[in-house]
Amino acid sequence: MSLSTSAGFRRPSPLILEVERAAICSHARRLAPDGLAVATSGNLSIRDGALVAVTPTGVRYSTLKPSDIPIVGLDGEPVDGSLRPTSELPMHLAVYNHATDPDGSPVNAVVHTHSAHATAVSTLVDELPPIHYLVATIGPSVRVAPYATYGTAALATHILTALESRRGCLLANHGTVTYGATLGAAYDRARQLEWLCQVWLLARSGGTPALLPQDEIEQVVEKLRGYGQG
């Protein structure tokens with residue numbers, strides 16, 4: 001489909017979810033510099049109603065342009081774009097179709113990383129210890145979803161269980177998943193989760209870390225509901 005201009009020329013119609021596709025490109029290019037992924041690992045998506053824009057599989061993020069971003073329905077059926085979506089599409093769709101934000105905020109973006117510190121922690125514990133009150137940005141705790149092969153329904157099921165009343169989790173021997181009302185919010189949570197894991201590993205390397213009691217984390221969860229400018 002094309003649009004006519006006043007000079008009689010015709011130009012292509014805007015891409016479906018053009019703004020969302022551009023946002024995915026810009027955030028995907030940050031994954032490696034921010035220490036959240038290497039090469040083509042990790043993936044991002046944004047939901048708009050019944051449509052999902054998601055990173056393609058096996059494409060270097062430095063070369064991504066909005067037209068490279070596939071669009072699928074919530075059932076995974078392709079809607080627009082010539083490239084195949086990430087192999088982790090089942091994970092993204094499971095979150096959109098079934099996850100519920102603890103405060104009732106919309107689930108409009110998902111970030112999956114292979115960050116080093118978070119992956120290391122996922123091999124050591126079943127739950128990230130409360131090393132800092134920023135754990136509360138995820139929830140009362142950060143669970144570790146049991147390992148399953150990437151891209152499988154089994155992995156998606158494990159993730160949904162770990163995400164119950166949480167905005168993110170670790171994936172055993174794999175990485176992290178976070179979500180948010182915006183891609184920026186989901187991405188910030190992924191960075192905070194990696195930082196928390198790094199702090200815990202640093203503290204643990206020097207001895208036995210002092211941890212915050214669970215009631216303090218739960219109190220901060222409540223305080224964060226009124227954080228920011230609204």
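The values are calculated or read from the model by the stated rules, or taken from the named source; none is laboratory data. Note that the structure is predicted; figures quoted are calculated from it, not measured. Reconstructed Cβ throughout: ideal geometry from the backbone, glycine too, with neighbour counts over all protein chains shown. Accessible surface areas use protein heavy atoms only, side chains included; no ligands, DNA or RNA. Shrake-Rupley method; radii C 1.70, N 1.55, O 1.52, S 1.80 Å.
Across the range 180-230, what is the number of residues that are small (G, A, S) and either over 22 Å from the mean Cα position of the chain (by Cα) or over 17 Å from T137 (Cβ atoms) (or both)?
The number of residues fulfilling the criteria is 7.
Somewhere in the range 202-209, is a residue in a loop (DSSP other than H, G, I, E, B), without any contact (Cβ under 8 Å) to a residue 12 or more places away in the chain and farther than 23 Å from L36 by Cβ?
yes
Out of the residues in the range 159-181 that are more than 13 Å from H92 (Cα to Cα) and out of contact with any Ser or Thr (no Cβ under 9 Å at 6 or more places or on another chain), state the one that is least open to solvent (accessible area, probe 1.4 Å).
A162
Residues in the range 8-20: is at least one open to solvent by less than 50 Å² (accessible area, probe 1.4 Å), β-branched (V, I, T) and at pLDDT 95 or above?
No: zero hits.
Just wondering, is there one or more residues in the range 144-156 that are within 25 Å of G207 (Cα to Cα) and modelled with pLDDT of 95 or more?
yes
Is one or more of the residues making up the range 137-150 surrounded by 16 or more Cβ atoms within 10 Å (Cβ to Cβ), assigned to a helix (DSSP H, G or I), in contact with a Leu (Cβ under 7 Å, 6 or more places away or on another chain) and not acidic (D, E)?
Yes.
Every residue in the range 107-123 that is under 14 Å from the mean Cα position of the chain (by Cα) and open to solvent by 50 Å² or more (accessible area, probe 1.4 Å), please.
Of everything in the range 107-123, just one residue is under 14 Å from the mean Cα position of the chain (by Cα) and open to solvent by 50 Å² or more (accessible area, probe 1.4 Å), namely H114.
Which pairs turn up if I take residues in the range 47-66 that are free of Cβ contacts under 8 Å to residues at least 40 places away in the same chain and look for partners that are open to solvent by less than 60 Å² (accessible area, probe 1.4 Å) and of a type in the set (K, R) with beta carbon separation below 8 Å, at least 6 apart in sequence or on another chain?
Between residues of the range 47-66 that are free of Cβ contacts under 8 Å to residues at least 40 places away in the same chain and residues that are open to solvent by less than 60 Å² (accessible area, probe 1.4 Å) and of a type in the set (K, R), the close pairs are A53/R21.
List, please: which pairs have Cβ atoms under 6 Å, are six or more places apart or on different chains, and start with a residue in the range 171-195 that is more than 20 Å from N97 (Cα to Cα) and free of Cβ contacts under 8 Å to residues at least 60 places away in the same chain and end with one that is outside any helix (DSSP H, G or I) and open to solvent by 40 Å² or more (accessible area, probe 1.4 Å)?
Close Cβ pairs (under 6 Å, with a partner that is outside any helix (DSSP H, G or I) and open to solvent by 40 Å² or more (accessible area, probe 1.4 Å)) amount to A172/P146; A172/Y147; N173/T123; N173/Y147.
State yes or no: is V52 open to solvent by less than 10 Å² (accessible area, probe 1.4 Å) and assigned to a helix (DSSP H, G or I)?
So V52 does not fit the description; no.
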